[in-house]
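Student: My questions will all concern the structure given below.
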Ligand code: SF4
Ligand code: SF4
């Protein structure tokens, strides 16, 4: 091992000069910076009373879309669940019955569609994988909650409301 005397100092501590030893100039400098920031535009947003504008690339809560006739677009192909790196999507497919043509677009639909929001990393891969343009991450922030089970969102929270569709 190299003797200690041969080693170079990486960081040398300079002795403090008179002004530095007084500490007051450093305190005043700090106060000046604080006062300067007091008059700058505040970046704080009083969430949830106010919400900031999101960029076009924003990925929020998922929504399962309906087509122009109000039918669910999802055909339960499972590609979104397969592409999900966090394994956050659970789905159970079912066959459309007679008389359900106005509810579901094709012969198959997702009877159960759940996303575990605690697992989801909002990567958007489910949106990209979907061949039916059925899922988009265009919703708001996933709100806070108390119980883990309340972060598993089912179709009741994910499927777009038909009423909203009519207004569009
Ligand atoms: S956004 Fe990513 S992590 Fe979240 S459900 Fe979709 S694929 Fe999975
Ligand atoms: S959301 Fe899209 S990718 Fe996922 S099961 Fe439905 S149709 Fe398939």
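Student: Looking only at the range 129-154, which residues are closer than 20 Å to residue 82 by Cα and over 16 Å from the mean Cα position of the chain (by Cα)? I'd like the intermediate steps shown before the answer.
Tutor: The first filter runs over the range 129-154 and keeps only residues closer than 20 Å to residue 82 by Cα, leaving 129-137, 152-154.
129, 130, 131, 132, 133, 134, 154, listed by residue number.
Okay, residues lined up against (1) touching a helix residue (DSSP H, G or I) at 6+ places or on another chain (Cβ under 9 Å); (2) in a strand (DSSP E or B); (3) away from ligand 1 (no atom under 15 Å from the Cβ):
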| site | (1), (2), (3) |
| --- | --- |
| 85 | yes, no, no |
| 92 | no, yes, yes |
| 111 | yes, yes, yes |
| 114 | yes, yes, no |
| 142 | yes, no, no |
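Student: Next up: Which residue out of 118, 82 is within 14 Å of ligand 2 (Cβ to nearest atom), without any contact (Cβ under 8 Å) to a residue 60 or more places away in the chain and within 20 Å of the chain's Cα centre (by Cα)? If you could, list the steps in order and put the result at the bottom.
Tutor: Working: 118 fails: within 14 Å of ligand 2 (Cβ to nearest atom).
None of the other options fit; the residue is 82.
Student: Out of all the residues in the range 94-109, which are farther than 17 Å from residue 65 by Cβ and either part of a loop (DSSP other than H, G, I, E, B) or within 16 Å of ligand 1 (Cβ to nearest atom) (or both)?
Tutor: The initial filter retains those residues of the range 94-109 that are farther than 17 Å from residue 65 by Cβ, namely 94-101, 107.
The answer is 96, 97, 98, 99, 100, 101, 107.
Student: Among the candidates 105, 96, 66, single out the residue that is in contact (Cβ under 8 Å) with a residue 40 or more places away in the chain and either in contact with a strand residue (DSSP E or B) (Cβ under 7 Å, 6 or more places away or on another chain) or within 16 Å of ligand 2 (Cβ to nearest atom) (or both).
Tutor: On the way: 105 fails: in contact (Cβ under 8 Å) with a residue 40 or more places away in the chain; 96 fails: in contact (Cβ under 8 Å) with a residue 40 or more places away in the chain.
On inspection, the qualifying residue turns out to be 66.
Student: Also, I was wondering about something else. Does any residue of the range 68-80 turn out to be exposed (fewer than 13 other Cβ atoms within 10 Å of the Cβ), more than 16 Å from ligand 1 (Cβ to nearest atom) and not in a loop (DSSP other than H, G, I, E, B)?
Tutor: Narrowing the range 68-80 to residues exposed (fewer than 13 other Cβ atoms within 10 Å of the Cβ): 68-69.
Of the ones still in play, those that are also more than 16 Å from ligand 1 (Cβ to nearest atom) are 68-69.
Next, from what is left, pick out any that are not in a loop (DSSP other than H, G, I, E, B): none.
No, the conditions are met nowhere in the range 68-80.
Each reported figure results from applying straightforward, stated rules to the coordinates on display, with no laboratory input. Being a predicted model, the structure only gives us computed values, none of them experimental. Here the Cβ is made from the backbone with ideal geometry for all residues, glycine too, and neighbour counts use every protein chain on show.
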